[in-house]
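Have a look at the structure below, then the notes.
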Amino acid sequence: MKLEVEKTNCTRLRYAAKEHIFSVNVNREMGDFAQFYCCYFLQSVEHRQSFYIGSSPNPPRRLRQHNGDLVKGGAYRTKRSGTRPWEMILFVYGFPNKIIALQFEHAWQHGYKTRFIKEEARIINKKNSGSAGRNIHYKLALIRQLLNHPFFKVMNLGVQFFNSDVASTFDQNKFGIALDPCYENWGKVKTSENALSLSKYDLKRLTVDDLSDISEQNRALVSHFYDSSIKLDEERMNRYTERVMDGLSKCKLCYKTYDYTSEDEDLKPHIAFCTNEGCDFVSEVSCLCRRFIVEEIDDRDKDLTLIPRGGRCPECRTELEWTILMKYSSMIKDVSRK
Ligand SMILES: [Zn+2]
Ligand SMILES: [Zn+2]
């Protein structure tokens, strides 16, 4: 992939770096794009000082496992008596694959030593920091710090809160760590409609009914988010699959033809469709990447990213998230292999 824009020597070097990273990400890891992957944060309903961080491609199922509704697969630490039921208070989602979700999970669990947070910026430096390291303010601050790291920043990750008290604690931002404005610009930090608040319960005297009530509401919130996301994927994929089955078509940026019904792999480059239902824009991934990177460079010369975060559809101007385009592109490729 070659970028036509030429500026100073310094920018040319950065372009070269982009080229390299892009080829690694798209060509080698494309097949690895997961439909859904999140890192979740559990809080014990009864013991509000007990937390658990994990990752999963299917958070509603994982939550059921943690709460013991399913026999197999529950993580050991959540089986300690007294901590069940667990409430999934939030998750960070949009990880391109399991490996990256695990990296985030590990960094979040080991905020005192992770390479994703500069040593001088670490809130806690030692493993045995007592209660400070188990504090919810600290765990939420780590999310801010990790999301700000350039590695995670390009991924269009989102944070979804299922508990409005926790969302307020996040907004309170006790450690004063500003979240990169791109998250707000892209609307990536959200609280579910009808999110739970435990303020109406007497947490010291929770009845069995309260526990199952809270647990059930939480389960419904998590399932709703997950199911809607999968449903949206399915609708889009049906639309895209139908279009590639039409056979010969053209990249709308370079006019090269592609054909997903062909046996010839050379005729099946990775392609990206506009996610706007009413728009029929389609192009090769490489052409769109080039376009977006050039736009980002023009936009904000100082803060160059290695992969575009996204850009506007060249036809309908809908804002498109790069990782989402990549996800569908890899799913379409999978369909063509079957
Ligand atoms: Zn093209
Ligand atoms: Zn469009």
> What's the local net charge at K190, with K and R +1, D and E -1, over the other residues with C-beta under 14 Å away?
Replying inline: -2
>> For a protection proxy built on the mean count of beta-carbon atoms within 10 angstrom, sort 122-133, 283-294 highest first, please.
In response: 283-294, 122-133
> Quick one: if the Förster radius is 45 Å, what FRET efficiency do E193 and M245 give, using the C-beta to C-beta distance and rounding to 0.05?
Replying inline: 0.80
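Go ahead and run the numbers for FRET between K127 and D227, Cβ-Cβ distance against an R0 of 25 Å, rounding to 0.05.
Computed FRET efficiency for K127 and D227: 0.05.
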> From the backbone phi of the range 131-139, what are the Karplus-calculated ³J(HN,Hα) couplings (6.51 cos²θ - 1.76 cosθ + 1.60, θ = phi - 60°) in whole Hz, Gly and Pro given as x?
Replying inline: 5, 4, x, 9, 6, 5, 4, 5, 4
> ³J(HN,Hα) across the range 285-293 via Karplus (A = 6.51, B = -1.76, C = 1.60, θ = phi - 60°), whole Hz, x for Gly/Pro?
Replying inline: 4, 5, 5, 6, 4, 4, 4, 5, 5
>> Could you give each residue of the range 169-175 its phi-based ³J(HN,Hα) in whole Hz, using Karplus coefficients 6.51, -1.76, 1.60 with θ = phi - 60°, and x for Gly or Pro?
In response: 4, 4, 5, 4, 6, 4, 8
> What part of the accessible area of the range 129-228, given as a whole %, is carbon or sulfur when the probe is 1.4 angstrom?
Replying inline: 49
> Under 5 Å between amide H atoms, partner at least 5 residues away or on a different chain: which partners does R312 have, H built in plane at 1.01 Å?
Replying inline: L320
> Peptides 165-178, 90-103: what's the order by average Cβ count within 10 Å, highest mean first?
Replying inline: 90-103, 165-178
>> Beyond a 32 Å Cα-Cα separation, which of these cross-linked pairs lie in this structure: K98/K190; K153/K174; K139/K200; K190/K250; K98/K268; K127/K200?
In response: K190/K250; K127/K200
> Along the Cα-to-C-beta direction of W186, a point sits 7 Å from the Cα; which residues of the range 232-272 have their amide N less than 18 Å from that point?
Replying inline: 233, 272
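Could you work out the relative contact order of the range 38-234, using alpha carbon pairs under 8 angstrom and six or more residues apart, expressed as a whole percent?
Relative CO of the range 38-234 lands at 22 percent.
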> By how many nm would the segment from A178 to T257 grow when fully extended, if each residue of separation counts as 0.36 nm and the alpha-carbon distance is taken off?
Replying inline: 23.9 nm
>> Given points 7 Å out from each Cα along the Cα-Cβ axis, report the Q35 to N238 separation in nanometres with one decimal.
In response: 1.4
>> For the range 38-234, what does the accessible surface come to per residue with a 1.4 Å probe? Please give it in Å².
In response: 49
>> Let's see if you can work this out: charge +1 on each Lys and Arg Cβ, -1 on each Asp and Glu Cβ, no other charges. What is the dipole magnitude of the range 38-234 about its Cα centre, in debye to the nearest 20?
In response: 940
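The values are calculated or read from the model by the stated rules, or taken from the named source; none is laboratory data. Remember, it's a predicted structure, so these values are computed and weren't measured experimentally. FYI the Cβ positions are ideal-geometry reconstructions off the backbone, even for glycines, and counts take in every protein chain you see. Remember, those area values only see protein heavy atoms, side chains included, never the ligands or the DNA or RNA. Shrake-Rupley method; radii C 1.70, N 1.55, O 1.52, S 1.80 Å.
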